[in-house]
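Asks: Following this message is one structure expressed as structure tokens.
All of the numbers you see were taken from the coordinates with simple rules; none came from a lab. For clarity, every value in this text was computed on a predicted model and none was experimentally measured. FYI the Cβ positions are ideal-geometry reconstructions off the backbone, even for glycines, and counts take in every protein chain you see.
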Amino acid sequence: MPEPQLPKLDQPYGIMVTGVGGTGVVTIGAIVGMAAHLENKGFGALDMAGLAQKGGAVWSHLQIAARPEDIKTVRLGSGGAKLVLGCDFVVSASQKTMDTTREGTRMVVNTHQQMTGEFTRNANIQFPGQSLKRTITKGVGEANAEFVEATRIATALIGDSIATNLFMLGYAFQKGLVPVSSDAINKAIELNGAAVKMNQAAFLWGRRAAVDLAALERLIAPKADAAPPTEVSRTLEETIARRVDFLAGYQDAAYAEKYRSLVEKVKQAEGSRTKGLTGLSEAVARYYFKLLAYKDEYEVARLYADPAFMQKIQSQFEGDYKLHFHLAPPLLAKRDPATGELRKAEYGTWVFTMFKVLAKLRGLRGTAFDIFGYTQERRTERKLIGEFEATIEELVGKLNSDNHALAVKIASIPEEIRGYGHVKERNLGIARAKQADLLAAFRSPEAVRSAA
């Protein structure tokens, strides 16, 4: 591997390493610092982790100079970073990081989408990947920002995502952005003493990625044919058609036609009574389907028995591997004495035989012969379908331009019903309370007009 031309140290060289606690961000600073020491260069580091020890934002301010006395301050001031080694996408685009950059600062950023703690409070949050990229490129210039899927690549090559940060260091080094030699960095990794071979390999793979990323992508490409990606419906008609097909496989043609009939009824009513307004048909198409296609024992069996499942497994793993399933069958699982919740148990590949049999018995769903249908959770799921149908009939009967927006909100309530078991039960209670408030407003013309 050819050595890149290292940056000149006619003045201190500032590096900002960003990431989250527990992934080795501070270790990167320690390795770079030791490498600088081995080459008799000056080095200073300041790690800022706040209160978070694991999972929180971490910033490591690094200063490298030709001589120790050249470093007057360690903390990087405004525009003080020559390089930002962004091991976490969100932290890299934060205001605190961008304050240390200027036009011309080089940024190498890992695009792995790791959700922040906000996701635990807002389940509807979307990862702002494009927004983060815009923030970074606007701050340093498009030519100075490089985005690398480092976590995915490093995990595929090394088998452990913890190798990501050393991979990133290798990538930035080979781009000529780290002012210490590869020999010094490898020696520093050795002196660090932790997972030496893995970290040195990750550093080398990062260098190779900087030289020929396409070749690396070919190397880690699945040996088996990957399952075709799921396409996103672009129109309401596509949405309906795909869900009709799914429900026919989920249960039968009659079940699918039941779905189509209600959606078409709403579509006609919306078109005739609220001309120019849309959204209600889409909401019903999406959330009526969600209620109809509840994931019970038959559906779990059908999905596992589908050849597409094994195709996906084979595209991700090779060699001699074994599958283990952690399941909590309602008729077999034991309950936790403290919480009353079903405990999952581990099952071997023999359950595939059971899955195939159970998948063929899905026609029993909801009938008197459905042995799973007598549990409280399954009875509730069937009840929700009936309640939704009745609610939509009421919405269609009273629909007009004034209450249309409120009708869309009511039809979208099933979005709030997430999870399984006790989690779903808790969310259902919240959703029902919200629906009751919205329905009360819908039934009151005065409230609808004041809301509009």
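Asks: Rounding to the nearest 10 and keeping the result within 0 to 90°, find how far the Cα-based axis of helix 253-273 lies from the longest principal axis of the chain.
Replies: 90
Asks: Let me ask something additional. Report, in whole Å, the centroid distance computed from the Cα atoms of segment 142-188 and segment 375-450.
Replies: Going from one Cα centre to the other spans 50 Å.
Asks: Which order results if Lys398, Lys197 are arranged by neighbouring Cβ count within 10 Å, fewest first?
Replies: In increasing order of surrounding Cβ atoms, one gets Lys197, Lys398.
Asks: Okay, next question. Report the Cα centroid-to-centroid distance between segment 264-325 and segment 1-65 in angstrom, as an integer.
Replies: 46
Asks: Helix 182-192: angle to the longest alpha-carbon principal axis of the chain, degrees 0 to 90, nearest 10?
Replies: That helix lies at roughly 70 degrees to the long axis.
Asks: So which of Lys334/Lys434; Lys356/Lys424; Lys82/Lys138; Lys133/Lys175; Lys258/Lys344; Lys290/Lys322 end up more than 25 Å apart by C-alpha?
Replies: Correct reply: Lys334/Lys434; Lys356/Lys424; Lys258/Lys344; Lys290/Lys322.
Asks: Helix 280-292 versus the longest principal axis of the chain: what angle, 0 to 90°, nearest 10, using Cα atoms?
Replies: 90
Asks: While we're on this one: Can you put Ile158, Ile28 in order, fewest other beta carbons within 10 Å first?
Replies: Lowest count first: Ile158, Ile28.
Asks: If you average 1/r over all unlike Cα pairs in segment 297-364 and invert the result, what Kirkwood radius do you get in angstrom?
Replies: 13.5
Asks: What trypsin sites (Lys or Arg not before Pro) does segment 231-274 have in DSSP loop regions with at most 15 other beta carbons within 10 Å?
Replies: Those that pass, being in a loop and sparsely packed, are Arg234.
Asks: Can you put Asp320, Asp99, Asp252 in order of Cβ neighbours within 10 angstrom, beginning with the fewest?
Replies: Result, fewest neighbours first: Asp320, Asp252, Asp99.
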